């Protein structure tokens, strides 16, 4: 690939967006970008710093225009690079897929090529996981909690401990929660969240929880988001990586982007 410094800056700018699409950047996501830039023989620290400076001063429109102007062979190389970035950490969230599709459409990139060995080693985003629960602290910081407990007597103790209570109170069927359940297209399940009861709790107005409640008074303390079956009202975690990621994205959108990864 023969490109200018300005075009490399455009590639770096788009790569940064893709690396940050899931809310965090890992070494696995950085590696394909590092290897790509290292492949240019005249690359050194001074040149790379110039690329970074140009990328910061560049608009997204210019970055898209420069990438779109490349020849077919270069576009194929970038389609593969951008795909490598979003799957590098082994987890493919809806936010990453959506951003990749946008970049592909705006820059008129072809579909990425994948070797047979890569296809065999690829991580299926729908692989089952130990059921996951989304903990939302009162300050908006989120984290993942997992449990393979199926009996409510044992699971409730874990849930309560995670949010600082002796037991939990389940909030269900509020307008915002119903909208989330419909958006996620759940299979005979609906989204709920749980409040701590009977313990010291955690002080602090939990604005995301208040918005999910949709009522007339604020919710205090930490909460945990889960699923509940429609028929027998059994609490469950999110059973796949993809659903967990989609749920987190949807919840964050529902609360106006107030959530932050731990």
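Read-outs: derived from the displayed coordinates by stated rules, not from any lab. No experiment lies behind these values; they were computed from the predicted model shown. Cβ sites come from the backbone with ideal geometry, for glycine too, and all protein chains shown count toward neighbours.
Could you state the angle between the C-alpha long axis of helix 72-87 and the longest principal axis of the C-alpha atoms of the chain, as a value from 0 to 90 degrees rounded to the nearest 10? Once rounded, one gets 30 degrees. For the stretch 128-261, the relative contact order works out to 33 percent when only alpha carbon pairs closer than 8 Å and six or more residues apart are counted. Computed from label points 7 Å out along Cα-Cβ, the spacing between residue 185 and residue 158 is 2.9 nm.
Once C-alpha pairs closer than 8 Å and six or more residues apart are averaged by separation and normalised to the residue number of the stretch 5-121, the relative contact order reads 38 percent. Computed extension gain for residue 50 through residue 6, at 0.36 nm per residue and net of the alpha carbon distance, reaches 14.9 nm.
Based on the alpha-carbon gyration tensor of the stretch 128-261 and its eigenvalue square roots a ≥ b ≥ c, which shape applies: rounded if a/c is under 1.5, prolate if not and a/b is larger than b/c, or oblate?
On the way: a/c = 1.38, a/b = 1.06, b/c = 1.30.
Rounded, since a/c falls under 1.5.
Residues 57, 28, 249, arranged from fewest to most other Cβ atoms within 10 angstrom of their Cβ, appear as 57, 28, 249. For the chain, the longest principal axis of the C-alpha atoms and the axis of helix 152-163 are separated by about 60°.
The order of 207, 19, 43, 194, going from fewest to most other C-beta atoms within 10 Å of their C-beta, is 43, 207, 19, 194.
222 nm [θ] for the chain, helices only, -39500 (n - 2.57) per DSSP H run of 4+, per residue, to 500? Helix-only estimate at 222 nm: -15000 deg cm²/dmol.
With Cα atoms as the point set, the chain shows a radius of gyration and Dmax of 21.8, 66 Å. In this label model, residue 42 and residue 113 are separated by 2.7 nm, measuring between points 7 Å along each Cα→Cβ vector. Seen against the Cα atoms of the chain and their longest principal axis, helix 27-38 is set at about 10 degrees.
Its Cα gyration tensor gives the stretch 5-121 an equivalent ellipsoid, and the semi-axes of that ellipsoid, as √(5λ) in whole Å with the largest first, are 21, 16, 15.
Ellipsoid fit via the Cα gyration tensor, the stretch 201-262: semi-axes of 21, 16, 11 Å, each the root of five times an eigenvalue, largest first.
The alpha carbon centroids of the stretch 13-89 and the stretch 168-200 are separated by 39 Å.
Inter-label distance, residue 106 to residue 197: 4.8 nm, where each label sits 7 Å from its Cα along the C-beta direction.
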